[in-house]
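Participant: Quick one: this structure, given as structure tokens, is what I'll be asking you about.
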Amino acid sequence: MPANLPPQFYQLEREYREKKTIKEKIEVLKKMYAIMPKHKGTDKLQAEIKARISKLKEELENERKRGGKR
């Protein structure tokens, strides 16, 4: 089923690929999730974005425990 995503979603997707820090990537993913239409066609995409957010948050937490980049 097609997702029918708005053009802003694709702009944010490009921004996500360009971001370097984990915090910036998380913020962009949250924006992507917010503008995505919620319906049957986007269920898998919603799950994928949520999984990316949680994985990045976990990486950020591990980075804090280790003391940051060295």
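Every number here is computed from the coordinates shown, using simple stated rules; none is lab data. As the structure is a prediction and not an experimental result, all values here were calculated from the model. Note that each Cβ is placed from the backbone with ideal geometry, even for glycine, and that neighbours are counted across all protein chains shown.
Participant: Filter 19/57; 20/40; 44/65 down to the pairs with a C-alpha to C-alpha distance above 21 Å, please.
Facilitator: On the way: 19/57 15 Å; 20/40 32 Å; 44/65 32 Å.
Those over the limit are 20/40; 44/65.
Participant: Averaged over all directions, how much area does the convex hull of the C-alpha atoms of region 23-64 cover when projected, in nm²? Could you put the intermediate results ahead of the total?
Facilitator: Working: hull surface 10.8 nm².
Computing the convex hull of the Cα atoms and averaging its projections yields 2.7 nm².
Participant: Mind checking which of 22, 62, 4 is farthest towards the positive end of the chain's charge dipole, using Cβ charges of +1 (Lys, Arg) and -1 (Asp, Glu) about the Cα centre?
Facilitator: So the residue furthest toward the plus end is 62.
Participant: So, one more: In debye, nearest 20: dipole of the chain around its Cα centre with unit charges on the Cβ of K, R (+) and D, E (-)? Intermediate results must be reported in sequence, preceding the final value.
Facilitator: Working: 20 positive and 11 negative charges, 60 e Å.
Dipole size: approximately 280 debye.
Participant: Treating each Cα of the chain as an identical point scatterer and ignoring solvent, apply the Debye formula and state log10 I(q)/I(0) at q = 0.16, 0.22, 0.28 Å⁻¹.
Facilitator: Results for the chain at q = 0.16, 0.22, 0.28 Å⁻¹ read -0.58, -0.94, -1.27.
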